[in-house]
Each structure stands twice: as structure tokens, then as C-alpha cells.
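Below is one structure, written out as C-alpha cells, with a few remarks after it.
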Amino acid sequence: KQEVTQIPAALSVPEGENLVLNCSFTDSAIYNLQWFRQDPGKGLTSLLLIQSSQREQTSGRLNASLDKSSGRSTLYIAASQPGDSATYLCAARSGGYQKVTFGTGTKLQVIP
Amino acid sequence: DTEVTQTPKHLVMGMTNKKSLKCEQHMGHRAMYWYKQKAKKPPELMFVYSYEKLSINESVPSRFSPECPNSSLLNLHLHALQPEDSALYLCASSQEDAPRGGYTFGSGTRLTVV
């Protein structure tokens with residue numbers, strides 16, 4: 001059974017700092033890994049999708065990497081802004097591909 | 001159109017009421033999902049529809065009844081809910097025949113059972 005863990009659970013950084021969010025998964029036989037952002041009480045917004053054959057994906061200030069062999073993915077946010085404050089979730093698609101296992105989330109606060 | 005639209009955004013219902021949540025997408029996705037999310041927890045899968053047929057029911061109580069009338073629409077019928085069913089209900093869709101495809105989520109329905 002796939003288990004996905006995100007560390008840290010919460011993170012507070014000053015504006016402008018570069019930061020890394022971590023996601024670990026136990027079953028390396030994944031189809032893909034997706035990073036989402038969720039604002040309080042809102043739905044999930046997809047940030048980046050990395051296929052199992054890829055090493056990284058980039059979108060603007062965001063860069064996600066994937067290391068299947070070690071069961072890890074990281075989300076790098078450059079030059080953080082207060083608007084980046086949200087909960088970030090990673091989700092691994094594996095096994096029966098209709099199921100996705102979500103991580104526990106990292107709540108990010110960027111302080112002006 | 002790259003969105004999943006959920007209505008209503010907020011719903012307050014009594015334990016004896018019957019209500020429905022609606023989800024719509026026009027991306028041609030053939031897999032649609034209902035998730036339940038409690039505060040400070042990740043989303044939990046409830047149901048999966050694949051080509052308009054129910055393919056996964058994660059042992060959800062019968063007071064939740066899903067329906068997929070066509071490939072673009074997904075409903076969740078609610079009846080005799082309990083206060084502990086209060087949560088954010090999220091709908092998502094994906095390309096069924098593409099395990100490498102990602103999920104697109106709606107903005108959710110905030111349900112309060114009184």
C-alpha cells in the first residue's frame with residue numbers, strides 16, 4: 001500500500017527566500033507525481049505533474065524534481081512571495097491508476 | 001475549457017434533508033471522482049466513475065449516493081447525513097485511459113450538516 005509523507009508539516013519563511021518542500025513515497029512504481037496548492041477552504045490547484053520517466057518539471061518560480069529510486073520528490077519555490085502562502089500537497093498515482101495517494105501536506109506561510 | 005465546476009459552493013442541510021452536489025467538466029475526461037476532505041487532512045477518495053460506470057466505492061455509507069448521468073456530469077445525492085459528514089467535498093476528473101494523466105479538481109462544496 002502506497003504511503004506518502006510530507007515534511008515539514010508547516011513552514012514559515014520571510015519573503016524572498018528560496019525554499020524546498022519534501023514528499024516521500026514508499027512504492028516507487030508510480031505512474032506520476034502531482035503537486036497541488038490549496039488555499040483555506042478551497043479546492044486543489046494543480047501546480048506541476050511529473051511523469052515517472054521524468055526527472056523534473058518547471059513552471060515559473062516552481063521546480064519539481066522526482067527521484068523514483070529513493071522515493072522522493074521535492075518542490076522548489078524561488079523568491080517566495082506572501083501570495084505563495086497555502087497548503088501544498090503532493091499526490092502519487094500508482095497501483096490501480098484510478099487511485100491517487102495524497103501526502104499529508106505542508107502548510108507554508110511567507111511573511112512580508 | 002479546462003475547469004471542473006462544482007455547485008453549490010456552500011450547503012447547509014439538516015439531518016433529515018435530501019440534497020445533491022453537482023460536478024461538471026467539458027474536458028473529455030472519462031474518469032470522475034468524489035473526494036471528502038476534513039479540516040487539516042488530505043482528501044479521501046469516496047467514489048470513482050469510469051466511462052459513466054461506478055468502478056470504485058471506498059466503503060462509503062449508503063447515505064451518500066453517486067450518480068453519473070453522462071460523461072460530463074457527476075452528482076452526489078445526500079440523505080440523512082450526520083454532523084460528522086460536514087466537510088469539503090471535492091470533485092475531480094482525469095483521462096481514464098491515460099494513467100500518466102493528472103487530476104483536475106473543482107473548487108469544492110463546503111457542506112455543513114446541522
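Over region B:67-114, all Cα pairs binned in 5 Å intervals from 0 give whole-percent P(r) values of 5, 17, 20, 21, 17, 10, 6, 3, 0, listed from short to long. If you look at the Cα atoms of region A:1-68, you get an Rg and a Dmax of 13.1, 38 Å. In terms of overall dimensions, the C-alpha atoms belonging to chain B reach 40, 25, 22 Å along their principal axes, ordered largest to smallest.
Region A:10-28 to region B:1-73: how many Å between their Cα centroids? Comparing the Cα centres of region A:10-28 and region B:1-73, I get a distance of 30 Å. Counts of other chain beta carbons within 10 angstrom of each beta carbon in peptide A:32-45 average 5. With contacts taken as Cα pairs under 8 Å at a separation of at least 6 residues, chain B carries a relative contact order of 37 percent.
How large is the Rg to Rh ratio of region B:1-42 when both quantities use alpha carbon positions and Rh follows Kirkwood? The Rg/Rh ratio comes out at 1.03.
Across the accessible surface of chain B, with the other protein chains kept in place and a 1.4 Å probe, carbon and sulfur atoms take up 49 percent.
Leaving ligands and nucleic acids out of the surface, order A:Arg55, B:Arg110 by accessible area at 1.4 Å, largest first. Working shown, then result.
Details: A:Arg55 160, B:Arg110 85 Å².
From most exposed to least exposed: A:Arg55, B:Arg110.
Between B:Ser94, B:Ser72, B:Ser62, the Gaussian network model of chain B with springs among Cα atoms under 10 angstrom shows the greatest mean-square fluctuation at B:Ser62.
By the Kirkwood approach, averaging reciprocal distances over each pair of separate Cα atoms, the protein assembly as shown gets a hydrodynamic radius of 18.1 Å. With a Cα-only, solvent-free Debye model of region A:9-112, what are the log10 I(q)/I(0) values at q = 0.21 Å⁻¹? Summing over Cα pairs of region A:9-112 leads to -1.08. Of the residues A:Gln51, A:Pro112, A:Asn63, the one whose Cα sits farthest toward the positive end of the charge dipole of chain A, with +1 on the Cβ of Lys and Arg and -1 on the Cβ of Asp and Glu, is A:Gln51.
The values are calculated or read from the model by the stated rules, or taken from the named source; none is laboratory data. All of these numbers come straight from a predicted model, not from anything done at the bench. For neighbour counting, all protein chains shown are included, and Cβ atoms are generated from backbone atoms with ideal geometry for every residue, glycine included. Just the protein is used for accessible areas: all its heavy atoms, side chains included, with ligands, DNA and RNA removed. Shrake-Rupley method; radii C 1.70, N 1.55, O 1.52, S 1.80 Å.
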